[in-house]
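Chemist: The structure that follows is given in the form of structure tokens.
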Amino acid sequence: FLTLALSYIVLLLGGIIKNIISTDTIVSTDIRITNLLALFRGVEMTKFFLWITLLGKWQIIFCFTISIIIILWLWRKRLYIIPLILTIIGSEIFVFLGKIAVHRPRPELAVYTEDSFSFPSGHSAIAVAFYGFLTYLFIRNTKHWKIKINLFFVGSAIVLLIGFSRLYLGVHYFSDVWGGYLVGLLWLTIGIGISEWIHSIKKDNTLST
């Protein structure tokens, strides 16, 4: 199942990159969405999404990650630390390589200027990777299904808001955000897979003793 999921995500990501490079359809759609959102851009909403987009900034993610690692260490949940770090670092490396490979310029109607290339969205990738893993961690350690469902929707809402903030502020195209989501989902799947594998080994060792 993990292999099939990873293969599907990689194929989707490869398809987006191919379409950006070789076709005009996705590019024209991106431009239309960017222009449309620019028309509805207001002062208050811009301030709101500027705060939301900070949740995907690497400095904030770094501080959150260090805090989560310390908490996991103190709560003796240390088996999650390596998968968490791998998920975050893996997604960041793939984002970096994607930006170098595609070399896509940023939209012209951005609220502020970003120095890096546009595809894929690093904020969107790290949103899925970090907040997705955090959601998985909370869900796995919660017994009540109602709380699990609420946690899933809260985590999903955070990820979607961060991605939409990049579109609303005009610093990314839609396909950039979608590509970032796929990169983050790829590494989130890997991280969760490794986490479950580690827990299964620990469980087998416990039963054998």
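Chemist: Kindly evaluate I162 against the criterion of being of a type in the set (A, V, I, L, M, F, W, C) and in contact (Cβ under 8 Å) with a residue 40 or more places away in the chain.
Modeler: Judged against the criteria, I162 is a match.
Chemist: Do we have any residue at all in the stretch 183-192 that's polar (S, T, N, Q), touching a residue at least 60 places away in the same chain (Cβ under 8 Å) and within 27 Å of S118 (Cα to Cα)?
Modeler: Yes: the stretch 183-192 contains one or more residues that are polar (S, T, N, Q), touching a residue at least 60 places away in the same chain (Cβ under 8 Å) and within 27 Å of S118 (Cα to Cα).
Chemist: Turning to a different aspect of this structure: What's the total number of residues in the stretch 36-67 that are part of a loop (DSSP other than H, G, I, E, B) and open to solvent by less than 90 Å² (accessible area, probe 1.4 Å)?
Modeler: Qualifying residue count for the region: 3.
Chemist: OK, next. Out of curiosity, is S175 in contact with an Asp or Glu (Cβ under 7 Å, 6 or more places away or on another chain), surrounded by 14 or more Cβ atoms within 10 Å (Cβ to Cβ) and modelled with pLDDT under 95?
Modeler: yes
Chemist: Got a number for residues in the stretch 70-82 being part of a helix (DSSP H, G or I) and either modelled with pLDDT of 95 or more or out of contact with any helix residue (DSSP H, G or I) (no Cβ under 9 Å at 6 or more places or on another chain) (or both)?
Modeler: Residues in the stretch 70-82 being part of a helix (DSSP H, G or I) and either modelled with pLDDT of 95 or more or out of contact with any helix residue (DSSP H, G or I) (no Cβ under 9 Å at 6 or more places or on another chain) (or both): 3 in total.
Chemist: Looking only at residues in the stretch 125-166 that are under 16 Å from S195 (Cβ atoms) and touching a Gly at 6+ places or on another chain (Cβ under 6 Å), which one is surrounded by the most Cβ atoms within 10 Å (Cβ to Cβ)?
Modeler: A129
Chemist: Name, by its number, the condition in (1) open to solvent by 60 Å² or more (accessible area, probe 1.4 Å); (2) out of contact with any Pro (no Cβ under 9 Å at 6 or more places or on another chain); (3) over 14 Å from Y168 (Cβ atoms); (4) outside any helix (DSSP H, G or I) that does not hold for L109.
Modeler: (3)
Chemist: Here's something else I'd like to know. Go through (1) surrounded by fewer than 16 Cβ atoms within 10 Å (Cβ to Cβ); (2) assigned to a helix (DSSP H, G or I) and name the single condition V95 misses.
Modeler: Every listed condition holds for V95 apart from (1).
The values are calculated or read from the model by the stated rules, or taken from the named source; none is laboratory data. The model shown is predicted, which means the values in this text are computed figures rather than measured ones. Neighbour counts run over all protein chains shown; Cβ positions are idealised from the backbone, glycine included. Each accessible area value is taken on the protein alone, full model and side chains, heavy atoms only, with ligands, DNA and RNA left out. Shrake-Rupley method; radii C 1.70, N 1.55, O 1.52, S 1.80 Å.
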